[in-house]
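S.K.: Have a look at this one before I ask anything.
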Amino acid sequence: MVLAELGQKITQALRKLNQATVIDEKVLNEILTEIASALLGADVNIKYVAKLRDAVKTIVTLQMNNAAVANIRKLIQSTVVQELTNMLQSENKPYEFKKGKPNVVMFVGLQGSGKTTTCTKFAYHYMRKGWRVGLVCADTFRAGAFEQLKMNAAKIKCPFFGHKKETDPVKIAQEGVNFFKEQKFEIIIVDTSGRHKQETALFEEMQQVQAAVNPDTALFVMDSSIGQACYDQALAFNKAIKVGSVIITKLDGHARGGGALSAVSATQSPIIFIGTGEHFDDLESFNASSFIKRLLG
Ligand code: GDP
């Protein structure tokens, strides 16, 4: 189920409350079952669906016998909205860039997740805000990664560092970061290798690059189109390298984004942007509360 449809289904379920003259446990259960099935249909992890259901039930049941129907209706609606918002946000804050110093950001994610495109979008976003941004290609694994990032950098007019023939990602990451630091760049983005799947070699390489460049934050790029698999992937990446924040890609078109959006709690890190297309300006800042409001119309 695509995200827009999920929003409609939840809104429809909540609207049923308007017709109910009595709101008792049975009505509440019916509404929650409908919402839960919509969430599961959009790939939200079953653990979070159960958590949301229990939280709404606990809060609403406490008031059920004492409040007027209109108030119970409002309470259910606002609690569902609040719990959905909680599911998508983290208590941890993202790293904040500081002016006048080099801020090193290491991008990690599987091959095909949209990492290289997202590095470029991210660079473009900050360049337009007046920051001095440099892009480092430390992806020595994927053939064509060097050319792709170099070409992207040229398109957005962003300084680029890379060596086509260098095979050691650690060396190149270190050289690139030093190069931009010496020139007083403010945001230094390091694009690292991905692999087709999570594997020890990938995680070891990530850890070595991290140890070499000591980034201020690691940004995890996750493809929303992989649905339920997002949860395990987010957990594995966060275990291998402490993820500072997350960008979810491909949330445009017919994305079933529920899996990715809810999986973020596995990293306990905030989603900071979502990718909504292939163009360099298809990057939206993410705020859980406005995202849910927009989803529910
Ligand atoms: P990498 O292997 O992780 O570096 O992935 P790439 O950056 O090469 O992206 C893989 C494919 O996904 C490319 O065709 C991108 O244009 C596409 N892509 C990346 N982000 C998005 C997005 O937000 N929406 C859509 N529709 N496509 C995206």
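S.K.: Go over the candidates Val104, Val177 one by one and state the one that is touching a strand residue (DSSP E or B) at 6+ places or on another chain (Cβ under 8 Å), assigned to a helix (DSSP H, G or I) and away from the ligand (no atom under 16 Å from the Cβ). Quick ask: steps written out before the conclusion?
M.R.: Values: Val104 fails: assigned to a helix (DSSP H, G or I).
Among Val104, Val177, only Val177 is touching a strand residue (DSSP E or B) at 6+ places or on another chain (Cβ under 8 Å), assigned to a helix (DSSP H, G or I) and away from the ligand (no atom under 16 Å from the Cβ).
S.K.: Continuing with the same structure: Given the residues Asp54, Asp43, which is the only one that is under 25 Å from Lys293 (Cα atoms) and touching a Lys or Arg at 6+ places or on another chain (Cβ under 8 Å)? It would help to see each step written out before you state the result.
M.R.: On the way: Asp54 fails: touching a Lys or Arg at 6+ places or on another chain (Cβ under 8 Å).
Being under 25 Å from Lys293 (Cα atoms) and touching a Lys or Arg at 6+ places or on another chain (Cβ under 8 Å) holds for just one of Asp54, Asp43, which is Asp43.
S.K.: Is it true that Gly162 is under 23 Å from Asn86 (Cα atoms), modelled with pLDDT of 95 or more and surrounded by fewer than 23 Cβ atoms within 10 Å (Cβ to Cβ)? Working first, answer last.
M.R.: On the way: under 23 Å from Asn86 (Cα atoms): no; modelled with pLDDT of 95 or more: yes; surrounded by fewer than 23 Cβ atoms within 10 Å (Cβ to Cβ): yes.
Considered against the rule, which asks whether it is under 23 Å from Asn86 (Cα atoms), modelled with pLDDT of 95 or more and surrounded by fewer than 23 Cβ atoms within 10 Å (Cβ to Cβ), Gly162 comes out as no.
S.K.: Follow-up. Has segment 183-194 got at least one residue that is aromatic (Phe, Trp, Tyr) and either open to solvent by 40 Å² or more (accessible area, probe 1.4 Å) or in a strand (DSSP E or B) (or both)?
M.R.: Residues of segment 183-194 that are aromatic (Phe, Trp, Tyr), as a first pass: 185.
Add one more test, that the residue is either open to solvent by 40 Å² or more (accessible area, probe 1.4 Å) or in a strand (DSSP E or B) (or both), and what stays is none.
Among the residues of segment 183-194, not one is aromatic (Phe, Trp, Tyr) and either open to solvent by 40 Å² or more (accessible area, probe 1.4 Å) or in a strand (DSSP E or B) (or both), which makes the answer no.
S.K.: Could you identify the single residue in Phe107, Phe97, Phe122 that is surrounded by 21 or more Cβ atoms within 10 Å (Cβ to Cβ), farther than 30 Å from Gly297 by Cβ and of a type in the set (Phe, Trp, Tyr)? Can you show your working first?
M.R.: Values: Phe97 fails: surrounded by 21 or more Cβ atoms within 10 Å (Cβ to Cβ); Phe122 fails: farther than 30 Å from Gly297 by Cβ.
Going through Phe107, Phe97, Phe122 in turn, the sole match is Phe107.
S.K.: So Ala263 fits all but one of (1) open to solvent by less than 40 Å² (accessible area, probe 1.4 Å); (2) more than 26 Å from Asp139 (Cα to Cα); what number is the exception?
M.R.: If we test Ala263 against (1) open to solvent by less than 40 Å² (accessible area, probe 1.4 Å); (2) more than 26 Å from Asp139 (Cα to Cα), just (2) comes out false.
S.K.: Pairs only if they're at least six apart or on different chains, beta carbon under 7 angstrom, first in segment 113-134 and within 21 Å of Ala255 (Cα to Cα), second assigned to a loop (DSSP other than H, G, I, E, B) and of a type outside the set (Phe, Trp, Tyr); list them, first residue then second.
M.R.: Once the first residue is within 21 Å of Ala255 (Cα to Cα) and sits in segment 113-134, its partners that are assigned to a loop (DSSP other than H, G, I, E, B) and of a type outside the set (Phe, Trp, Tyr) give Ser113/Gly194; Gly114/Lys250; Lys115/Gly109; Lys115/Gly194; Thr117/Glu278; Lys121/Asp282.
S.K.: Can you confirm whether segment 242-250 contains a residue that is buried (at least 20 other Cβ atoms within 10 Å of the Cβ), within 13 Å of the ligand (Cβ to nearest atom) and part of a helix (DSSP H, G or I)? Can you show your working first?
M.R.: Step one: of segment 242-250, the residues buried (at least 20 other Cβ atoms within 10 Å of the Cβ) are 243-250.
Next cut, within 13 Å of the ligand (Cβ to nearest atom) only: 247-250.
Add one more test, that the residue is part of a helix (DSSP H, G or I), and what stays is none.
No, the conditions are met nowhere in segment 242-250.
S.K.: Filter segment 117-145 down to residues that are aromatic (Phe, Trp, Tyr) and part of a helix (DSSP H, G or I) and give me whichever is nearest to the ligand (Cβ to nearest atom). Reasoning before the result, please.
M.R.: Of segment 117-145, the ones aromatic (Phe, Trp, Tyr) are 122, 124, 126, 131, 141.
When the remaining residues are screened for being part of a helix (DSSP H, G or I), the result is 122, 124, 126.
Numbers: Phe122: 11, Tyr124: 13, Tyr126: 17 Å.
The qualifying residue nearest to the ligand (Cβ to nearest atom) is Phe122.
S.K.: Name the residue, out of Ala50, Ala70, Ala38, that is more than 16 Å from the ligand (Cβ to nearest atom), open to solvent by less than 30 Å² (accessible area, probe 1.4 Å) and not in a strand (DSSP E or B).
M.R.: Ala38
S.K.: Return only the number of the condition from (1) surrounded by fewer than 22 Cβ atoms within 10 Å (Cβ to Cβ); (2) among the acidic types (Asp, Glu); (3) touching a residue at least 40 places away in the same chain (Cβ under 8 Å) that Glu83 does not satisfy.
M.R.: (3)
S.K.: For segment 196-212, indicate whether the set of residues that are within 19 Å of the chain's Cα centre (by Cα), buried (at least 24 other Cβ atoms within 10 Å of the Cβ) and modelled with pLDDT of 95 or more is non-empty.
M.R.: No, segment 196-212 contains no residue that is within 19 Å of the chain's Cα centre (by Cα), buried (at least 24 other Cβ atoms within 10 Å of the Cβ) and modelled with pLDDT of 95 or more.
The values are calculated or read from the model by the stated rules, or taken from the named source; none is laboratory data. Nothing here was measured: the structure is a model prediction, and the numbers come from that model. Neighbour counts are summed over all protein chains in view; Cβ atoms, including those assigned to glycine, are modelled from backbone coordinates with ideal geometry. Protein only, heavy atoms only, side chains kept; ligands, DNA and RNA dropped before computing areas. Shrake-Rupley method; radii C 1.70, N 1.55, O 1.52, S 1.80 Å.
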